[in-house]
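Input: a single structure, listed below in structure tokens.
The values are calculated or read from the model by the stated rules, or taken from the named source; none is laboratory data. Worth saying up front: this structure is predicted, and the values here are computed from it rather than measured. Quick reminder, even Gly has a Cβ in these numbers, built from the backbone with ideal geometry, and neighbours come from all protein chains shown. Keep in mind that these areas ignore ligands, DNA and RNA; they rest on the heavy atoms of the full protein, side chains included. Shrake-Rupley method; radii C 1.70, N 1.55, O 1.52, S 1.80 Å.
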Amino acid sequence: MVKYAEQTQQEFEGWDEFYARAVDEKLDFFKRNDRVFDVIYAQQFARPFLDYLCKLADMIRLLAKTRVGQSKLRHLLPHKRAMLYFVQPSTRTFLSFQNACHILGLTVSEIRGTSTSSEVKGESPEDTIRTFASYVNLIISRHPEAGFAEKTAWVLNQTSRPVPVLNGGSGPDQHPTQALLDIYSLEREFRTIGGLDGKKIAMVGDLKRGRTVRSLSYLMKNYRDVELVFVSPEIFRMKDDIKEFLKKHNIPFYETEDFESIMPEVDAIYMTRIQNEYSSDPTSKDETYPQFHMKKKHLSMIQTHCAILHPLPRRYEIEIGIDKDPRAAYWRQERCGMWIRAALIAHIFRVDQEIIDEFS
Ligand code: CP
């Protein structure tokens with residue numbers, strides 16, 4: 001059955017007008033029957049959904065521990081096919097989505113660069129998108145342009161095959177499924193100390209162009225009494241749109257360039273790298289901003305429960321010697337990505353109840 005958006009395209013004058021609208025005004029466009037369908041913005045997620053998805057991810061990872069459980073999971077969606085359209089470099093988002101699909105039995109195809117697709121012959125993005133949907137039931141995209149995933153959802157909603165679209169990273173704008181895995185990781189790291197509510201989190205590095213910290217900041221509206229500290233060089237400060245959002249939702253935050261001064265106060269440190277790919281000279285890696293790096297000597301300055309996260313890849317922001325410390329959560333964090341993405345796909349294709357029933 002063809003499922004069109006709950007908010008019809010007639011409500012908007014066209015793509016340009018739709019794209020320019022505030023995110024809050026178009027959230028229903030990405031739903032079907034009051035459930036998540038397309039995942040484009042982190043603002044789409046509310047607390048009950050986040051809690052439910054984390055639980056579902058836990059169930060999937062528990063089932064996947066046994067051969068019988070793995071077989072049950074693989075038999076949930078063998079009739080579905082997914083397309084990974086990743087035309088911006090990726091290791092873990094690509095692999096975790098690919099393996100999330102494998103866990104649930106989906107068949108996966110991929111395009112990893114516009115030079116190997118017919119876009120190189122001049123095919124328009126719209127025709128390219130329609131072509132993907134001719135073959136698959138789910139499109140997962142990573143693209144250097146901020147609005148590409150959203151445009152994919154918009155274009156497909158006008159066709160007879162409006163398949164779900166998942167944004168796997170859209171330029172320097174958003175990375176909503178990374179935010180889901182970050183929430184899942186934080187909730188797991190804080191499981192024995194009351195979860196994410198009430199925690200103080202430092203985000204460090206290139207906050208201006210880091211899409212992961214932007215998407216994660218949006219999700220903070222769902223948690224009680226959280227506080228954010230933005231630690232960055234002056235030129236890479238968090239953009240005003242995020243700061244306005246935090247003010248609107250009464251989420252306290254402050255900015256500093258003094259990383260060491262906040263280390264003893266925070267419950268989590270979310271490190272990020274300098275996003276050179278968005279520089280006028282993307283090959284330039286000269287300035288490394290060492291005062292925003294986490295070094296082994298800092299381990300004695302942070303709290304015993306402080307979780308150190310990083311969306312990865314890392315370059316020099318976290319000294320390798322930190323990896324063995326139990327508070328280094330980034331390797332666990334990247335693995336969380338596979339489970340939460342499997343949970344998301346299970347939800348979208350409505351096989352979540354079958355997973356839940358295994359535990360009742
Ligand atoms: N965190 C993240 O998006 O990593 P990749 O660029 O390797 O996908």
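Here are the numbers:
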| quantity | calculated |
| --- | --- |
| Among (1) aliphatic (A, V, I, L, M); (2) assigned by TED's automatic domain parsing to the domain that holds residue 35; (3) open to solvent by less than 20 Å² (accessible area, probe 1.4 Å); (4) within 13 Å of the ligand (Cβ to nearest atom), the one test that residue 163 misses | (4) |
| Residue match in segment 176-187 (condition: of a type in the set (D, E, K, R), part of a helix (DSSP H, G or I) and without any contact (Cβ under 8 Å) to a residue 40 or more places away in the chain) | no |
| Odd one out for residue 292 among (1) open to solvent by less than 20 Å² (accessible area, probe 1.4 Å); (2) modelled with pLDDT under 95; (3) of a type in the set (Phe, Trp, Tyr) | (2) |
| Hits in segment 74-119 - residues which are open to solvent by less than 40 Å² (accessible area, probe 1.4 Å), more than 23 Å from the chain's Cα centre (by Cα) and within 21 Å of residue 349 (Cβ to Cβ) | 76 |
| Any hit, segment 269-281, residues being of a type outside the set (Phe, Trp, Tyr), more than 23 Å from residue 144 (Cα to Cα) and either in contact (Cβ under 8 Å) with a residue 24 or more places away in the chain or not assigned by TED's automatic domain parsing to the domain that holds residue 138 (or both) | yes |
| Pairs where the first residue, in segment 122-142, is without any contact (Cβ under 8 Å) to a residue 12 or more places away in the chain and the second is open to solvent by 10 Å² or more (accessible area, probe 1.4 Å), C-beta under 7 Å, 6+ apart | 128/117; 128/119 |
| Single residue of segment 184-220 satisfying the filter (under 21 Å from residue 146 (Cβ atoms) and of a type in the set (D, E, K, R)) that is most open to solvent (accessible area, probe 1.4 Å) | 208 |
| Residue list for segment 305-360, filter: open to solvent by 30 Å² or more (accessible area, probe 1.4 Å), under 20 Å from the mean Cα position of the chain (by Cα) and more than 16 Å from the ligand (Cβ to nearest atom) | 349 |
| Residue in segment 40-98 that is nearest to the ligand (Cβ to nearest atom), counting only those that are aromatic (Phe, Trp, Tyr) and under 28 Å from residue 22 (Cα atoms) | 86 |
| Wholly within segment 28-108, helices (runs of 4 or more DSSP H) carrying at least 2 residues that are aromatic (Phe, Trp, Tyr) | 47-63, 92-104 |
| Hits in segment 134-150 - residues which are crowded, with 22+ Cβ neighbours inside 10 Å, in a helix (DSSP H, G or I) and away from the ligand (no atom under 16 Å from the Cβ) | 150 |
